[in-house]
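J.: Got a structure here, written out as structure tokens. Questions coming.
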Amino acid sequence: MTKVKSALPKVVSRDEWRVAREALLAKEKKATDARDALAAERRRLPMVEIDRDYVFEGPDGKASLPD
């Protein structure tokens, strides 16, 4: 039977961990900023006029978009 190597990360000192964690945190913050900028861009997309009457069935009965 073959042994399967563990996929656990290596054990390091607290200082090495802190450096790695701070580097990862910087990447996480950059990714969050990029996601937030993308969401803001999505909200600024132009709209199109709805020229049909849509009716939806909700918990309080029928409703249309203007409702």
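The values are calculated or read from the model by the stated rules, or taken from the named source; none is laboratory data. Not measured: the values here are computed from a predicted model. Glycine gets a Cβ as well: all are built from the backbone with ideal geometry, and neighbour counts include every protein chain shown.
J.: Given the residues GLU49, GLU57, GLU41, which is the only one that is charged (D, E, K, R) and either assigned to a helix (DSSP H, G or I) or in contact with a strand residue (DSSP E or B) (Cβ under 6 Å, 6 or more places away or on another chain) (or both)? First the steps, then the outcome.
T.: Details: GLU49 fails: either assigned to a helix (DSSP H, G or I) or in contact with a strand residue (DSSP E or B) (Cβ under 6 Å, 6 or more places away or on another chain) (or both); GLU57 fails: either assigned to a helix (DSSP H, G or I) or in contact with a strand residue (DSSP E or B) (Cβ under 6 Å, 6 or more places away or on another chain) (or both).
The conditions single out GLU41.
J.: With respect to LYS62, determine if the residue is exposed (fewer than 10 other Cβ atoms within 10 Å of the Cβ), at pLDDT below 95, touching a strand residue (DSSP E or B) at 6+ places or on another chain (Cβ under 6 Å) and not in a helix (DSSP H, G or I).
T.: In short, yes.
J.: Of the residues that make up region 6-22, is at least one touching a helix residue (DSSP H, G or I) at 6+ places or on another chain (Cβ under 8 Å) and surrounded by 10 or more Cβ atoms within 10 Å (Cβ to Cβ)?
T.: Of the residues in region 6-22, the ones touching a helix residue (DSSP H, G or I) at 6+ places or on another chain (Cβ under 8 Å) are 12.
Imposing the further condition that a residue be surrounded by 10 or more Cβ atoms within 10 Å (Cβ to Cβ) reduces the set to 12.
Yes, region 6-22 contains a residue that is touching a helix residue (DSSP H, G or I) at 6+ places or on another chain (Cβ under 8 Å) and surrounded by 10 or more Cβ atoms within 10 Å (Cβ to Cβ).
J.: Examine region 51-64 for a residue that is on the phi > 0 side of the Ramachandran plot and without any contact (Cβ under 8 Å) to a residue 60 or more places away in the chain, and state whether such a residue exists.
T.: Yes, region 51-64 contains a residue that is on the phi > 0 side of the Ramachandran plot and without any contact (Cβ under 8 Å) to a residue 60 or more places away in the chain.
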